[in-house]
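What follows is one structure encoded as structure tokens, with my remarks underneath.
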Amino acid sequence: MSKNLVIVESPSKGKTIEKYLGKDFKVLSSVGHIRSIAKKTKDGTPPIDVNNGFKTTYEIDSEKKKIITELKKAVKAASTVWLATDEDREGEAIAWHLCEVLGLDPAKTNRIVFHEITKQAIEEAVAHPRTVDMKLVEAQQARQILDRIVGFELSPVVWQKVPGGKSAGRVQSPAVRLLVEREREIEAFQTSAQFKVSALFSHDNQEIKADLNTRFDSEQQATAFLESLQDATFTVSSITTSPSTRNPTAPFTTSTLQQEANSKLGFSSKATMAAAQKLYQEGRITYMRTDSVTLSSQAIAAAAEYIKRLYGIDYSTVRKFKTKSAGAQEAHEAIRPTDITREQVSGNEYDQKLYDLIRRRTLASQMSPAKLEKTTVTIVISTSTQVFEAKGEVVVFDGFLRVYGGKDDTLLPAMKSGDILHRYSVDARQVFARPPARYTEGALVKKLEELGIGRPSTYATIINTIQTRGYVVRGESEGTPRDVITLSLHDTGVDREVIQENTGSDKGKLVPTPAGELISDFLSDYFKQIVDYGFTANVEEHFDEIAADKLDRNQMLKEFYTPFHALIEQSGSIDRSTVGNSREVGTDPKTGRLITARFGRFGPMLQLGTSEDVDKPQFAPMPRGAKIETVTLEQAMEAFKLPRLVGQTDDGQDIKANIGRFGPYIQVGKLFVSIKDHDPHDITLAEARELYAAKLKAEAEKTIADFGTLKVLNGRFGPYVTDGKKNAKVPKDTDPKTITEADAKKLLADAPAKGKARARRTPRRKNA
């Protein structure tokens with residue numbers, strides 16, 4: 001074993017670092033966190049003793065015991081140990097946990113940090129080691145203890161009092177509330193319509209698009225205006241040209257990277273952070289968890305040299321951006337490439353696309369402003385006081401737009417005041433006022449950051465958690481059709497046409513589920529501080545104050561816990577039957593039994609009859625698009641017609657159509673087939689048979705070998721062996737078609753118990 005032992009978080013990061021440090025250094029990995037707060041203690045005392053200075057009992061994660069054994073052995077053989085975990089709060093905490101478990105003195109053990117994995121940065125860190133920053137550790141402990149307390153005490157209340165409630169978290173709950181509030185703004189929005197008039201003129205055989213500077217409130221007004229243009233003359237009255245400049249934005253922080261990757265590349269926050277982490281570990285970009293927009297002087301100089309060489313001196317403008325966030329806990333440097341001249345990286349297309357986005361944003365930040373020229377042409381109408389306006393924009397000097405955010409010019413033909421334009425077409429189209437937009441992942445990240453809720457490094461986890469819990473879904477609807485009136489002026493008069501456009505699309509947006517609305521309302525009613533934006537932001541500021549040694553950890557925890565626990569103790573008096581809406585829809589005309597819309601274990605549902613009736617109540621899922629507040633008696637009666645017998649398969653088995661937790665489906669025996677693009681009330685036998693046949697084919701292709709209870713299957717992440725309860729991945733160097741029953745049994749026996757498989761990297765900053 002080498003004299004020097006370096007412990008990092010990630011195995012792939014370790015390989016890159018070992019390459020730079022040389023033969024005297026051995027690099028091993030902890031694979032993320034090695035300890036977490038115990039679920040229970042041996043002596044029965046609480047893992048977090050709130051009455052004894054919030055003393056916390058930790059336990060080694062079961063899948064990390066083998067890693068700890070290897071690290072202990074390596075520590076004994078090394079003369080010097082270097083802790084090189086990540087440079088943020090979580091990394092500092094991991095370094096402290098390593099000291100505790102490996103018997104190292106945190107006040108004497110070398111702690112090194114670097115924001116990029118390059119030879120120069122690693123050597124610089126080794127030359128200037130420090131020790132574990134216990135204030136940073138205390139800030140992380142406060143965050144972890146607080147999240148565990150909230151989850152441990154509040155989640156049982158949610159299970160008991162909220163139908164279908166799964167959990168509540170300190171940061172996830174305000175995020176759900178944001179989405180619920182936006183959804184209700186959309187529902188309450190009163191739409192209105194106006195008529196927008198657009199014209200197409202020609203001059204010297206060139207087109208000019210222009211819009212009227214006025215909109216009309218009624219079809220009659222719009223029609224009368226178009227008719228007034230029948231014999232009108234259109235004259236250029238003025239041409240206004242105004243120069244403008246556009247400056248580049250700052251290099252990426254964690255938050256802005258997630259926002260931009262979502263809007264430009266369609267990446268989720270989770271996918272963005274996974275790709276960024278891989279790029280960092282391979283030494284291609286600087287550390288991906290940062291609140292800073294600053295660049296090092298070396299990075300600025302390298303960018304300037306590259307820009308001058310590639311584009312010319314006019315394109316180079318040195319800028320030093322300043323971080324506005326006073327409490328930036330991870331403020332070291334913005335996310336940038338470690339080598340600005342590198343255009344390609346190894347890996348998949350996600351890695352390359354994200355790297356290219358980071359590189360172009362960094363280059364743009366050090367480039368000259370773009371110079372634009374905006375032109376507005378005013379066109380007067382001989383028969384009206386209103387005017388048309390044509391607008392164009394020309395890029396005089398592209399500057400930073402050369403690499404980031406460039407767009408095509410909107411050119412206008414050469415004209416002068418007094419020119420007569422030929423009318424080619426004039427149309428009036430009905431346009432509707434738009435309700436507030438639903439949040440995309442990027443927009444939600446931006447809002448959370450504005451409110452100071454969570455930290456940029458936690459946003460991916462928050463967004464993933466609220467979807468996993470079933471409180472939020474990613475929308476898939478293209479919207480519903482809406483009639484739109486269009487009016488067109490012709491030589492013989494005005495033609496009227498009604499066309500259709502889709503409205504209310506939620507595709508790719510974050511939409512709260514009924515369960516999300518219910519949990520948000522419950523917390524707002526009984527645990528307001530948990531979903532209060534200001535309160536949640538203040539907690540984040542307190543963590544920063546603990547890290548800066550301006551606030552005592554236990555004082556902060558006590559000030560939070562005392563009022564919070566009082567609310568928990570009062571929660572016993574909450575009447576479960578009052579949580580969630582319940583509404584009498586009407587009476588079944590055949591039986592005279594009451595139909596009620598209410599919230600059940602799996603979401604909104606309909607109930608026919610009551611527990612006091614002679615016959616047991618019947619239940620049906622809520623029809624698609626309906627809510628407890630809006631479902632009609634007619635819709636409810638249709639819902640109780642399910643399950644519906646569609647017909648039989650070719651071999652005589654019944655095909656039943658129904659709606660379940662995950663949407664509409666058909667069932668044949670024990671096989672369930674999703675039919676989300678069909679209505680179970682009217683799906684035809686031919687359609688059902690076709691879907692059933694496709695499912696059978698997919699299941700057959702999924703099965704590689706069938707040994708009865710043991711099977712070798714093709715899964716999302718490759719071939720695996722299963723007995724229905726436990727899974728084992730087939731090794732990459734093994735052809736799954738050659739696996740025997742004995743091989744399958746051995747793979748299952750050697751596989752870790754379910755939920756104990758070692759992850760490539762332990763997830764961090766989970767909210768309870």
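Nothing in this text is a laboratory measurement; each read-out follows from the coordinates by a stated rule. Nothing here was measured: the structure is a model prediction, and the numbers come from that model. Here the Cβ positions follow ideal geometry from the backbone for every residue, glycine too, while neighbour counts run over all protein chains shown.
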Fill in: Greater than 31 Å apart at Cα, pairs in K166/K616; K447/K725; K509/K726; K64/K322; K166/K446; K40/K447
K447/K725; K509/K726; K64/K322; K40/K447
Worksheet, complete the sentence: Karplus-derived 3J(HN,Hα) from phi for segment 408-418 (6.51 cos²θ - 1.76 cosθ + 1.60, θ = phi - 60°), whole Hz, x at Gly and Pro, runs 6, 5, 9, 8, 10, x, 5, 9, 9, 4, x
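Rounded, prolate or oblate: which fits segment 254-365 when a ≥ b ≥ c are the square roots of the eigenvalues of the alpha-carbon gyration tensor, with rounded for a/c under 1.5 and prolate only if a/b beats b/c? Before the final figure, lay out the partial values.
Numbers: a/c = 1.77, a/b = 1.20, b/c = 1.48.
It is oblate, given that a/c is not under 1.5 and a/b is not larger than b/c.
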Worksheet entry | Pairwise label distance in nanometres, N658 with T630, each label 7 Å out on the Cα-Cβ vector | 2.7 nm
Discussion item. Students often get this wrong, so check it: of K42/K72; K641/K670; K23/K135; K627/K676; K39/K746, which have C-alpha atoms separated by over 28 Å?
Written reply: K23/K135; K39/K746
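Assigning unit charges at the beta carbon (Lys, Arg +1; Asp, Glu -1) and nothing else, what dipole magnitude in debye, to the nearest 20, does the chain show about its Cα centre?
Working: 111 positive and 103 negative charges, 691 e Å.
Here the chain has a charge dipole of around 3320 debye.
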Worksheet item: Using the Karplus equation 6.51 cos²θ - 1.76 cosθ + 1.60 (θ = phi - 60°), what ³J(HN,Hα) coupling, rounded to whole Hz, does each residue of segment 678-693 give in order, writing x for Gly and Pro?
Response: 10, 9, x, 6, 9, 4, 7, 4, 4, 5, 5, 5, 5, 5, 5, 5
Fill in: Against the rule of thumb 2.2 N^0.38 Å, how large the Cα Rg of the chain comes out
1.16
Worksheet item: Using mean Cβ contacts within 10 Å as the protection proxy, how do 649-656, 68-75 order, highest first?
Response: 68-75, 649-656
Worksheet entry | Estimated vicinal HN-Hα couplings, Hz - segment 586-603 in sequence order (Karplus 6.51, -1.76, 1.60; Gly, Pro = x) | x, 10, 5, x, 7, 9, x, 7, 6, 10, 10, 9, 8, 9, x, 4, 10, x
Worksheet entry | Shape of segment 644-703, Cα gyration tensor, a/c cut at 1.5 | oblate
Worksheet item: Can you work out the FRET efficiency for the pair R496 and K407, with r the C-beta to C-beta distance and R0 = 25 Å, to the nearest 0.05?
Response: 0.10
Worksheet item: Using mean Cβ contacts within 10 Å as the protection proxy, how do 584-591, 688-695 order, highest first?
Response: 688-695, 584-591
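Which entries in the list K371/K507; K353/K507; K324/K558 go over 25 Å, if you measure between the two C-alpha atoms of each? Don't jump to the answer; show the numbers that get you there.
Details: K371/K507 36 Å; K353/K507 23 Å; K324/K558 30 Å.
Long pairs (Cα-Cα over 25 Å): K371/K507; K324/K558.
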Worksheet item: Out of L685, V646, G660, whose Cα points farthest toward the positive end of the dipole of segment 644-703 (charges: +1 Lys, Arg; -1 Asp, Glu; placed on Cβ)?
Response: G660
Worksheet entry | Projected label distance in nm at E219 and D398, using a 7 Å step from Cα toward the beta-carbon | 4.7 nm
Practice prompt. Highest first, please rank the peptides 403-412, 178-187 by the mean number of other Cβ atoms sitting within 10 Å of their residues.
Written response: 178-187, 403-412
Worksheet entry | Residue-span extension gain [K745 to Q570] - 0.36 nm each, minus C-alpha spacing | 57.8 nm
Discussion item. Please compute the Kirkwood hydrodynamic radius of segment 1-147 from all pairs of different C-alpha atoms, in Å with one decimal.
Written reply: 15.9 Å
Practice prompt. Could I have the simple spin-label model distance between K39 and D735, label points 7 Å from Cα toward Cβ, reported in nm to one decimal?
Written response: 4.2 nm
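In what sequence do H115, H490 fall when counting other Cβ within 10 Å, fewest first? All intermediate terms of the calculation are to be shown ahead of the outcome.
Values: H115 25, H490 11.
With the sparsest Cβ surroundings first, the list reads H490, H115.
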Fill in: Under 13 Å from K26, Cα to Cα: aspartates and glutamates that are on another chain or at least 8 residues apart
E18, E70
Fill in: Theoretical gain in end-to-end length, R716 to R184 [0.36 nm per residue, Cα-Cα removed]
187.9 nm
Worksheet item: Among P604, L696, G406, whose Cα sits farthest toward the positive end of the charge dipole of the chain (+1 at Cβ of Lys/Arg, -1 at Cβ of Asp/Glu, about the Cα centre)?
Response: L696
Discussion item. Net charge around K528, counting only other residues with Cβ within less than 12 Å of its Cβ (Lys, Arg = +1; Asp, Glu = -1)?
Written reply: -2
Worksheet item: Taking amide H positions as placed 1.01 Å from N in the peptide plane, with prolines and chain starts having none, which residues 5 or more places from I655, or on another chain, fall under 5 Å of its amide H?
Response: V646, G647, Q648, T649
Fill in: Value at 222 nm in deg cm²/dmol, rounded to 500, when DSSP H runs of n ≥ 4 in the chain each add -39,500 (n - 2.57)
-10500 deg cm²/dmol
Worksheet item: Quick one: if the Förster radius is 22 Å, what FRET efficiency do L645 and E690 give, using the C-beta to C-beta distance and rounding to 0.05?
Response: 0.80
